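J.: Please find one structure pasted underneath; my questions will follow.
The values are calculated or read from the model by the stated rules, or taken from the named source; none is laboratory data. Computed from a predicted structure; not experimentally measured. Here the Cβ positions follow ideal geometry from the backbone for every residue, glycine too, while neighbour counts run over all protein chains shown. The protein model used for the area step is the full one, side chains on, heavy atoms only, and it has no ligands, DNA or RNA in it. Shrake-Rupley method; radii C 1.70, N 1.55, O 1.52, S 1.80 Å.
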Amino acid sequence: MIDAFKALTRRGLFLIDPETAHGLSIAALKSGLVPSCRSDADPRLAQTVAGLAFANPLGLAAGFDKNAEVPDAVLRLGFGFTEIGTVTPLAQAGNPKPRIFRLVEDEAVINRLGFNNEGHETAFARLRQRRAAGIVGVNIGANKDTADRIADYVAGIARFCDVASYFTVNISSPNTPGLRDLQGRQNLAELLSAVMSARDAAVEKSGRKLPVFLKIAPDLSEEGLDDIAAEVLDKGVDGLIVSNTTLSRDGLNDRRQAGEAGGLSGKPLFARSTAVLARMRHRIGPALPIIGVGGVSSAETALEKIRAGADLVQLYSCMVYEGPGLAGAVVKGLSRLLDRDGAKSIRELRDSRVDHWRAQKI
């Protein structure tokens, strides 16, 4: 299925601009045209992370289903969880088009979308209508022109606390001016204090477990990583997502598209994001969960994230090139890799290559 999709896509969908093609993908999932790719559950892939029971460690990263249009259709593709958003309190159009660019030679994407979304109320209404089971996280952000960014994140916790399986605090997109400044220690301390207080109030009211993950950039300095690790541990954040897109253009073959502004994702992000993941695992210790993101295109790359310190893994951009069957193929491939390694659980392999990836230059 993946090979057939590749052939059809590169002759058909790749003739359409990327944002239009994305809209068609959402429409296909809504209509049921994309078949289910779920496989038989492998108990070796199941684990409990941050109090949530995941059937397998593979999730769809935020950015695909910005407005909570197709979370259950996504889960039927074989993912163990999915994440909607980034959503902001008010609807916003995002940056001017064109704002998504395929780097086909590199199997990469550059985007400068700028948190385009329909706002809290629209996404909330859709999530409230869900009847299916499955883990759906909500990725929250701030409006570009807000007077109080921290208040926007707190509003996200309050709005979605009844429908979110977990929250992701996205402060690492490079496409909203000044947003990454929230990764600085003083700003981060203020943000996390407010967000965790809001989360605690929501938990007290509802009695539900509501983990909060912080999503960080792959372009941080060593000092920046130190500061984030310290604040995450101090404020009781439930986990990290490593990482968002990068501003680096190292090693790209498509030099024409590489000049576009925005965040780079896809295969070229794998090494950088995995090295940062390992460095954060070393800093925060073994207990705090990490979701590894960036360049995951196969079972082998997914497992390498886990070996570098991830509990769970997300993908998105590589699905542009590999097609909707990628999730099922990765999950089945992970089972085969466990057979190969004689592992009784995916958990056994976590951290086995942290030192290797920590030593990589980025």
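J.: D72 to K97: extension gain in nm, 0.36 nm per residue of separation minus the Cα-Cα distance?
T.: 6.1 nm
J.: Under 12 Å from the Cβ of D106, count the other residues' Cβ atoms, weight Lys and Arg +1, Asp and Glu -1, and hand me the total.
T.: Residues near D106 contribute +1 overall.
J.: With labels modelled as points extended 7 Å from the Cα through the Cβ direction, what inter-label distance (nm, one decimal) is found for R185 paired with A41?
T.: 4.5 nm
J.: Same structure, new question: Could you list, in their original order, any pairs among K97/K267; K235/K361; K215/K361; K97/K215 whose Cα atoms are separated by more than 28 Å?
T.: K235/K361
J.: Let me ask something else about it. How far is it, in nm, from the label point at N253 to the one at E105 when both lie 7 Å from their Cα along the line to the Cβ?
T.: In this crude label model, N253 to E105 measures out at 0.7 nm.
J.: Put a dot 7 Å past each Cα toward the Cβ at L90 and I16; how far apart are the dots in nm?
T.: 3.2 nm
J.: Also, I was wondering about something else. How much of the accessible area of the chain, probe 1.4 Å, is carbon plus sulfur, in whole percent?
T.: 51 percent
J.: Can you order the peptides 60-71, 208-219 by their average number of other Cβ atoms within 10 Å per residue, highest first?
T.: Sorting 60-71, 208-219 by mean packing, highest first, produces 60-71, 208-219.
J.: Shifting gears a bit: Restricting things to Cα coordinates, could you compute the convex hull volume per residue of region 32-167 in Å³?
T.: Roughly 144 Å³ of hull volume per residue.
J.: Sticking with this structure for a sec: Just the number: Rg to Rh for the chain, Cα atoms, Kirkwood Rh, two decimals.
T.: With Rh from the inverse mean 1/r over Cα pairs, Rg/Rh is 0.93.
J.: Next question. On each of the three principal axes of the Cα atoms of region 86-132, give max minus min coordinate, whole Å, ordered largest first.
T.: Answer, in whole Å and largest first: 41, 27, 11 Å.
J.: So if R0 is 35 Å, what FRET efficiency would E204 and R131 give, r being the distance between their Cβ atoms, rounded to the nearest 0.05?
T.: 0.85
J.: Roll a 1.4 Å probe over the protein chains and send me the accessible area per residue for the chain in Å².
T.: 40 Å²
J.: Give the long-range amide H neighbours of T168: residues separated by 5 or more places, or on another chain, with amide H under 5 Å away, using H modelled in the peptide plane at 1.01 Å from N.
T.: Those qualifying (amide H under 5 Å, at least 5 residues apart or on another chain) are V138, N139, I140, F213.
J.: Right, another one. Averaged over all directions, how much area does the convex hull of the C-alpha atoms of region 169-291 cover when projected, in nm²?
T.: Here the figure is 8.2 nm², rounded to one decimal.
J.: Contact order normalised by length for the chain, with contacts defined as Cα pairs under 8 Å and 6 or more residues apart; what percent is it?
T.: 18 percent
J.: Also, quick follow-up: Place the peptides 18-25, 245-252 in order of packing, highest mean first, counting for every residue the other Cβ atoms within 10 Å and averaging per peptide.
T.: By packing density, highest mean first, the sequence is 245-252, 18-25.
J.: Calculate the tail of P(r) for region 39-91: the fraction of all Cα-Cα distances greater than 18 Å, expressed in %.
T.: 38 percent
J.: First check a/c for region 114-229, with a ≥ b ≥ c the square roots of the eigenvalues of its C-alpha gyration tensor; if it is under 1.5, answer rounded, and if not, answer prolate when a/b is larger than b/c or oblate otherwise.
T.: Prolate, since a/c reaches 1.5 and a/b exceeds b/c.
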